[in-house]
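The values are calculated or read from the model by the stated rules, or taken from the named source; none is laboratory data. Note that the structure is a prediction, hence the values are computed from the model and not measured. Virtual Cβ from ideal backbone geometry, glycine too; neighbours counted across all protein chains shown.
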Amino acid sequence: MQEKIREIFTLARPYLDTRDNEIHTLVAYSFALKLLDAEGGDEKVVLPAILLHDLGWKMVPEDLQLQAFGPGRNDKKINRIHEVEGSKKAREILEALNFDPVLIEKIVEIIIGHDSRAKALSLDDAIVKDSDKLWRFSEQALELDPKRFEIDAAVHAEWLKHQIEGWFFTVTAKRLAYEEQRLRALRYGVPKQEDCERRLS
């Protein structure tokens, strides 16, 4: 499986050079490994899906990307483009590598709704969704996102804490999110109450 993962990432990498997606993908992949270990799931579905889930951002002009994700930004049409186009590119890569057709269908189904679909279709889908969201709590994300969104890091870390119960599907992901958020809060400190109220409103 490790050799196949390397092959997938090699073909995916040219499509990850936008929106800081290479580091996002690698961090999400590391969380996926932890979730698979704790929750179960099929690594032959989850790991390719997490490596390929955001390829579609390459097909969205960079000046439009920030309209589709981030605090107060949720252009569903733009976001949907990255899911649909990403699922096509994922299929193309997996077919080029002669991946199992049954697994390809499961992977593509996860990718095409990994952001827009509110419910998880399966444990594998839940793990991919959770791994994707856990990125936001990582040290790397808290370096990048406050600058990208022009928000205070301490306030953003506090805001993230309030999203955990509503965002995550698995018990392990919630635990990891709380652990990561505490680490970020220790680094960035406690934000001013008035700043939090503006961010949380």
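Identify, by number, the condition in (1) out of contact with any Asp or Glu (no Cβ under 9 Å at 6 or more places or on another chain); (2) surrounded by 13 or more Cβ atoms within 10 Å (Cβ to Cβ); (3) not β-branched (V, I, T) that G86 doesn't meet.
If we test G86 against (1) out of contact with any Asp or Glu (no Cβ under 9 Å at 6 or more places or on another chain); (2) surrounded by 13 or more Cβ atoms within 10 Å (Cβ to Cβ); (3) not β-branched (V, I, T), just (1) comes out false.
Those residues that are in a loop (DSSP other than H, G, I, E, B) and acidic (D, E), I need them from the stretch 100-122; list them, please.
Within the stretch 100-122, D100, D115 meet the criteria.
Could you please let me know if L47 is closer than 13 Å to V128 by Cα and crowded, with 19+ Cβ neighbours inside 10 Å?
yes
From F137, F169, grab the single residue that is surrounded by 21 or more Cβ atoms within 10 Å (Cβ to Cβ), aromatic (F, W, Y) and modelled with pLDDT of 95 or more.
F137
Restricting attention to the stretch 1-10, which residues are free of Cβ contacts under 8 Å to residues at least 60 places away in the same chain, in a helix (DSSP H, G or I), more than 19 Å from K58 (Cα to Cα) and not acidic (D, E)?
Q2, I5, R6 - these are the residues of the stretch 1-10 that are free of Cβ contacts under 8 Å to residues at least 60 places away in the same chain, in a helix (DSSP H, G or I), more than 19 Å from K58 (Cα to Cα) and not acidic (D, E).
How many residues does the stretch 11-63 contain that are more than 16 Å from the chain's Cα centre (by Cα), over 16 Å from G86 (Cα atoms) and assigned to a helix (DSSP H, G or I)?
6
So D132 ticks every box in (1) at pLDDT 95 or above; (2) among the charged types (D, E, K, R); (3) not in a helix (DSSP H, G or I) but one. Which box is left unticked?
(3)
With respect to D125, determine if the residue is within 20 Å of R187 (Cα to Cα) and part of a helix (DSSP H, G or I).
When the stated conditions are applied, D125 does not pass them.
If L16 passes every condition in (1) surrounded by 21 or more Cβ atoms within 10 Å (Cβ to Cβ); (2) farther than 13 Å from K89 by Cα but one, which one does it miss?
Result: L16 passes all but (2).
From the list V108, V27, pick out the single residue that is of a type in the set (V, I, T) and more than 27 Å from L183 (Cβ to Cβ).
Just one listed residue meets the conditions, V108.
Which pairs have Cβ atoms under 8 Å, sit 6 or more apart or on different chains, and link a residue in the stretch 122-137 that is in contact (Cβ under 8 Å) with a residue 40 or more places away in the chain to one that is assigned to a helix (DSSP H, G or I) and of a type in the set (K, R)?
D124/K106; F137/R184
Take D100 and tell me if it is surrounded by fewer than 18 Cβ atoms within 10 Å (Cβ to Cβ), touching a Lys or Arg at 6+ places or on another chain (Cβ under 8 Å) and either among the charged types (D, E, K, R) or more than 19 Å from W57 (Cα to Cα) (or both).
yes
Out of all the residues in the stretch 113-130, which are over 13 Å from the mean Cα position of the chain (by Cα) and surrounded by fewer than 21 Cβ atoms within 10 Å (Cβ to Cβ)?
R117, A118, K119, A120, L121, S122, L123
Is it true that some residue in the stretch 27-44 is farther than 17 Å from A173 by Cβ, buried (at least 17 other Cβ atoms within 10 Å of the Cβ) and at pLDDT 95 or above?
Yes, the stretch 27-44 contains at least one residue that is farther than 17 Å from A173 by Cβ, buried (at least 17 other Cβ atoms within 10 Å of the Cβ) and at pLDDT 95 or above.
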